[in-house]
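Presented below is the structure to which this report refers.
FYI, it's all coordinate maths here, none of it is from the lab. It should be emphasised that the depicted structure is a prediction, and the values quoted were computed from it without experimental measurement. Neighbour counts are summed over all protein chains in view; Cβ atoms, including those assigned to glycine, are modelled from backbone coordinates with ideal geometry.
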Amino acid sequence: MIDLSFVIPCYNEEGNVRVIYDAIHAVFDPEGIRTEIVMVNDGSKDNTRKALKELYNEHKDEALKVISFSRNFGKEAAILCGMRHTTGAHVCFIDADMQQRPEVALEMYRKLTEDEDLDCVAAYQAERKEGKLLTFFKNCFYRLINKMCDIDFVQGASDFRILKRPMVDAILSLPEYYRFSKGIFSWVGFNTFFMPYEVQERNAGSSSWNFRKLFKYAIEGIVGYTTTPLQISTVLGVIVSALAVIYMVILIIKTLVMGIDVPGYATTLSFVLLIGGIQLLMLGIIGEYLAKAYIQGKNRPVYIEKEVLEGSLKDGEFDGK
Ligand code: UDP
Ligand code: MG
């Protein structure tokens, strides 16, 4: 039986796959914890696939699985795929770039196995090592999404976490196409302990996130977990209609008292533009939901596997490494 399965999403990580593999074994083997490593090559454009194949060929008898996607499907898809391939009693998500140390994973594993009430231990960044502007936008996002959603989004919580098997199975039972893992983790419930950790510098390569991707991710999170934005149009509609009625009453009284008044072109135009703008915004919001429902309705798979390399280890077997 495997104690702990690692799921490692890899996108352009040719210089890191071996480093993280060795680092995990160096930390967990001396503790007698039986690990399995599932590496998912998310359509890398560099030599990650080659590096993973070499690694696999060297460690064929060990619990190492390497899956390659047919193209880049994103980290969430890679995590889902990796999770489906795990067999351990616990599953740990860790990045390939060594920003998250296996030593911390060991600490998290200890905490999780010592406390029976816990189902998950998640690492969170106590201190963010990012630009001020990005931190500001992230703060806004968490404030907004927590106001609108019933479930809790913990600021700074990363995907770096260890789950017990029942929670893994619960996550695997969710059929959604848009997998915003922060939302999924809290939606399924269970008891999570948040452990502070310090993010390290990247080992090799560069981060694949940019502002545009993060913005898209944020919209996905909001659209995926709350329908509150759809209600904005109802509320705005009521407010604008009420104001219009009041304005009309004022106009009628004014006309009766002072006669017909021609000026007012500017006011009329600005109101028309304002209402037009609000309508477009609301249409956009409805469109976001419609688009997501449309894609989900196609029932396409979240990812496509091109190649699966699996060690010769059978269930229940363990070679001591
Ligand atoms: N990753 C992935 N698919 C992608 C982008 C990233 O599998 O499309 C992986 C990447 O290889 C790494 C992890 O997700 O293991 C985190 O990515 P990155 O280091 O670029 O993000 P950051 O640490 O800057 O948040
Ligand atoms: Mg990283």
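Some points to look at:
- In range of the label at Ile275: residues from the stretch 218-256 whose backbone nitrogen is under 11 Å from the point 7 Å along Cα→Cβ: 240-245, 248
- A simple spin-label model places pseudo-atoms 7 Å from Cα toward Cβ; at Val249 and Thr87 they are separated by 7.5 nm.
- Adding -39500 (n - 2.57) for every DSSP H run of four residues or longer, then dividing by how many residues the chain holds, sets the calculated 222 nm ellipticity at -16500 deg cm²/dmol.
- A simple spin-label model places the labels of Thr228 and Lys111 2.8 nm from each other, with each point 7 Å out along Cα-to-Cβ.
- Distance-filtered residues of the stretch 1-38 - backbone nitrogen under 11 Å, label point 7 angstrom along Glu103 Cα→Cβ: none
- Annotation: extensible slack from Val240 through Ala170 equals 20.8 nm (criterion: 0.36 nm per residue apart, minus Cα-Cα distance).
- 3J(HN,Hα) along the stretch 72-86, derived from phi through the Karplus expression 6.51 cos²θ - 1.76 cosθ + 1.60 where θ = phi - 60°, amounts to 7, 10, x, 4, 4, 5, 5, 5, 4, 4, x, 4, 5, 8, 7 Hz, with x in place of Gly and Pro.
- Spacing of the two label points (7 Å from each Cα toward its C-beta) at Asn210 and Thr135, in nm: 2.5
- Among 264-275, 285-296, the order from most to least packed when residues are scored by Cβ within 10 Å on average: 285-296, 264-275
- Amide H to amide H distances under 5 Å link Ser44 with Asn12, where only residues 5 or more positions off or on other chains count and H is placed in the peptide plane.
- Estimated from the Cβ-Cβ distance and a Förster radius of 41 angstrom, the FRET efficiency linking Arg71 and Ala266 is about 0.15.
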